[in-house]
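**Q** Next up is a structure, given as structure tokens.
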Amino acid sequence: QVQLVESGGGLVQAGGSLRLSCAASGRTFSSYPMGWFRQAPGKEREFVAAISWSAGDTIYTDSVKGRFTISRDNAKNTVYLQMNSLKPEDTAVYYCARARAFSTARDMYDTWGSGTQVTVSS
């Protein structure tokens, strides 16, 4: 059973940066695409970014393009989300997830972490 554990969240001022990490247990991490989602209070969980198993393909939601970068280190079973130029509207709980296929669709993701809080103050 794969387990995902996020870390790196916190409180940051607008314009600042954070790097989220997601550590995966299990030997099959490198076989799967991975993604990051976020959920703000009172809102639906939304797609943020995804990366293919080889890291050859990435995709982002429009609101984070040019500011966020997803990456992975298969030797360390870890996926990252580098977040720069943070805005108050980026405030949310951020979740990493394993996908059955490279996709932005939430229902393609079958394993989720418990999330890490990111708060951006204005």
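**Q** Among residues other than residue 109 whose Cβ falls under 9 Å from its Cβ, what is the net charge (Lys/Arg +1, Asp/Glu -1)? Provide the component values of the computation, followed by the final result.
**A** Details: positive: 98, 100, 106; negative: 107, 110.
Taking every other residue near residue 109 into account, the sum is +1.
**Q** Summing +1 for each Lys or Arg and -1 for each Asp or Glu, what net charge is found among the other residues whose Cβ lies under 12 Å from the Cβ of residue 80? Present the calculation step by step, with values, prior to reporting the outcome.
**A** On the way: positive: 19, 72, 76; negative: 6, 73.
Result for the local shell: +1.
**Q** Measuring from centroid to centroid over Cα atoms, what is the spacing of segment 94-122 and segment 1-79 in Å?
**A** If we compute the Cα centre of each part, the gap is 7 Å.
**Q** While we're on this one: Counting Lys and Arg as +1 and Asp and Glu as -1, what is the net charge of the other residues whose Cβ lies under 9 Å from the Cβ of residue 23? Present the calculation step by step, with values, prior to reporting the outcome.
**A** Numbers: positive: 76; negative: 6.
Once all neighbours under 9 Å are counted, the net charge is 0.
**Q** Oh, and also: Please compute the length gained on full extension between residue 55 and residue 122, using 0.36 nm multiplied by the number of residues separating them and subtracting their Cα-Cα distance.
**A** Length gained, residue 55 through residue 122: 20.8 nm.
**Q** Among the trypsin sites (Lys or Arg not before Pro) in segment 1-46, which ones are in a DSSP loop with at most 12 other Cβ atoms within 10 Å of the Cβ? Mind listing them?
**A** Numbers: sites: 19, 27, 38, 43, 45; in loops: 27, 43, 45.
Hits after loop and neighbour filter: 27, 43.
**Q** Further question on the same structure: How big is the convex hull of the Cα atoms of segment 33-119, per residue, in Å³?
**A** Cα-based convex hull of segment 33-119, divided per residue, equals 96 Å³.
**Q** As an exercise, use a Förster radius of 35 Å and the Cβ-Cβ distance of residue 87 and residue 1 to find the FRET efficiency, rounded to the nearest 0.05. Spell out each step's value before the answer.
**A** On the way: r = 36 Å, r/R0 = 1.03.
Efficiency for this residue pair is about 0.45.
Values in this text are rule-based calculations from the coordinates and carry no lab data. No experiment lies behind these values; they were computed from the predicted model shown. Note: ideal-geometry Cβ built from the backbone for every residue, glycine included; neighbour counts use all protein chains shown.
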